[in-house]
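The values are calculated or read from the model by the stated rules, or taken from the named source; none is laboratory data. All of these numbers come straight from a predicted model, not from anything done at the bench. Every residue, glycine as well, gets a Cβ built from its backbone with ideal geometry; the counts of neighbours run over all protein chains shown.
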Amino acid sequence: MMNSAFSAVELAPSDPILGLTELFKSDNNPNKVNLGVGVYYDDNGNVPLLSCVRLAESKIVAKHRARSYQPIEGNTQYNKLVQTLLFGSDSELLNTNRIITAQTLGGTGALKVGADFLRQIVGCSDVWISDPSWANHQGIFSNAGLKVNVYPYYDPNTRGIAFDRMVEQLKALPQQAIVLLHACCHNPTGVDLTADQWQIVTDIVVDRGLIPFLDIAYQGFGSSLDEDGAVVRLFTEKCQNLVISNSFSKSFSLYGERIGGLSIMSGTAGEAKRVQSQLKRLIRTNYSSPPIHSGALVETVLADSELKAQWVNELTGMRERIKKMRLDLSTNIAKLCPGADFSFITQQKGMFSYSGLTKEQVIKLREEHSVYAVESGRICVAALNSQNVEFVSDAISKVIL
Ligand code: LMR
């Protein structure tokens with residue numbers, strides 16, 4: 001027998017986030033809690049099927065539509081609705097045809113197609129991501145052939161932003177450097193820039209001729225859909241170009257449907273047309289075109305004022321429940337460990353909290369208490385509920401004592 005062609009393939013390390021879910025599933029402890037992956041669970045510990053999605057699905061199924069291919073850039077109506085959500089329904093900009101949107105396979109798909117576009121078509125060589133950033137940013141951009149660098153972001157001493165150092169780094173970047181920024185609910189820290197800090201950052205982006213790439217995967221989980229989208233609108237006011245990846249995994253609880261969008265703002269309508277033609281080529285040679293169902297679900301909700309209002313309501317409910325869990329966790333820990341101050345958890349936004357737990361403490365939490373967190377100390381607060389929050393508070397208190 002000849003040697004297998006794959007005999008030299010090495011075992012890859014498991015994914016720092018999704019790999020934890022695999023470990024979690026094999027844990028037999030009935031009290032186990034997965035605070036690893038960024039998934040919202042309801043108070044009964046289930047991933048919700050939103051009522052607006054359920055109703056939209058019934059409408060879609062009742063039509064018994066045939067399933068031909070979608071256009072390469074996806075569902076046209078969906079793409080328009082994504083723009084309305086990101087840029088505002090009354091946005092003048094949308095009438096200029098400078099922005100094009102493509103339906104993508106989740107926010108991750110948008111990041112990849114956007115990265116391919118910037119590397120292969122625009123000729124960018126480097127991207128700067130925050131330190132720290134979502135664990136997958138590094139891999140996505142380097143797989144696209146970009147050199148991935150970091151700018152200072154989080155200061156563990158203050159549990160805030162290392163803003164002076166961030167500004168210093170951004171000011172030193174070369175023209176056409178891509179800067180990846182989290183538009184709201186920073187993943188993994190939960191710490192966002194203030195409105196004044198965003199003004200300073202956008203000014204630097206303009207002065208230095210940088211290419212802003214906004215990742216917005218948690219719109220609606222910070223303050224509101226509108227407030228969380230303010231950063232997107234700020235960039236469109238000041239900059240000539242903008243790349244945005246957005247995701248509906250969390251806000252519609254449609255994780256496995258892989259539904260997101262890539263929007264690119266060009267200098268003119270003509271330029272946008274050329275950009276779109278290139279995006280289509282990239283998508284076609286990658287996965288050809290996106291699936292129908294996920295785009296139809298989001299389209300059906302966003303295009304119907306009643307379903308949309310219901311969605312906003314359900315999203316508000318998720319956001320408020322997370323806030324309550326932040327408060328409960330911090331109050332419990334204050335009681336259990338009078339010396340430890342976890343009140344910062346209530347200030348952070350979105351699904352995540354950078355807990356300050358060390359890698360050793362995270363491992364202890366997992367091995368001794370079956371509470372799973374990312375090794376960086378990131379915990380998904382959206383996985384806490386009224387039944388497990390005491391157990392988790394107790395476990396955290398035991399590992400930090
Ligand atoms: C996360 O950060 O946990 C989520 O965005 C899920 C993922 O794909 O990593």
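Quick notes on this one:
- Selected residue (only one of V179, V205, V231 is among the β-branched types (V, I, T), within 18 Å of G261 (Cβ to Cβ) and in contact with a Phe, Trp or Tyr (Cβ under 9 Å, 6 or more places away or on another chain)): V231
- Checking V205 against (1) out of contact with any Pro (no Cβ under 9 Å at 6 or more places or on another chain); (2) outside any loop (DSSP other than H, G, I, E, B); (3) away from the ligand (no atom under 16 Å from the Cβ), the condition it does not meet: (1)
- Residues in the range 10-23 include none that are away from the ligand (no atom under 16 Å from the Cβ), closer than 30 Å to R378 by Cα and buried (at least 16 other Cβ atoms within 10 Å of the Cβ).
- Pairs are defined by a Cβ separation below 7 Å, a sequence spacing of at least 6 or placement on different chains, a first member in the range 91-113 that is closer than 16 Å to F141 by Cβ and within 13 Å of the ligand (Cβ to nearest atom), and a second member that is of a type in the set (V, I, T) and part of a helix (DSSP H, G or I); the pairs so defined are T108/I140; L111/I140; K112/I140.
- Residue that is surrounded by the most Cβ atoms within 10 Å (Cβ to Cβ) [pool: residues in the range 211-233 that are of a type in the set (D, E) and either modelled with pLDDT under 95 or farther than 12 Å from D192 by Cβ (or both)]: D215
- Residues of the range 25-46 satisfying the condition of being over 17 Å from F352 (Cβ atoms) and either in a helix (DSSP H, G or I) or within 16 Å of the ligand (Cβ to nearest atom) (or both): K25
- The requirement of being away from the ligand (no atom under 16 Å from the Cβ) and either modelled with pLDDT of 95 or more or not small (G, A, S) (or both) is not satisfied by E375.
- The residues of the range 184-206 that are in contact (Cβ under 8 Å) with a residue 24 or more places away in the chain and more than 14 Å from the chain's Cα centre (by Cα), listed by number, are L193, A195, Q197, W198, Q199, I200, V201, T202, D203, I204, V205, V206.
- Any hit, the range 325-338, residues being closer than 21 Å to C184 by Cβ, crowded, with 20+ Cβ neighbours inside 10 Å and within 16 Å of the ligand (Cβ to nearest atom): no
- Cβ-Cβ contacts under 9 Å between residues 6 or more apart (or on different chains), taken from a first residue in the range 361-378 that is closer than 12 Å to N31 by Cα to a second residue that is within 16 Å of the ligand (Cβ to nearest atom) and among the aromatic types (F, W, Y), are listed as R366/F24; R366/Y372; S370/F24; Y372/F24.
- Residue match in the range 317-337 (condition: part of a loop (DSSP other than H, G, I, E, B) and either touching a residue at least 60 places away in the same chain (Cβ under 8 Å) or farther than 22 Å from D43 by Cα (or both)): yes
- In the range 237-290, residue nearest to the ligand (Cβ to nearest atom) [restricted to those that are β-branched (V, I, T) and in contact (Cβ under 8 Å) with a residue 12 or more places away in the chain]: I259
- For first residues located in the range 161-180 and farther than 13 Å from N149 by Cα and surrounded by 15 or more Cβ atoms within 10 Å (Cβ to Cβ), partners that are acidic (D, E) and modelled with pLDDT of 95 or more and lie 6+ apart or on another chain with Cβ distances below 6 Å form the pairs A162/D155.
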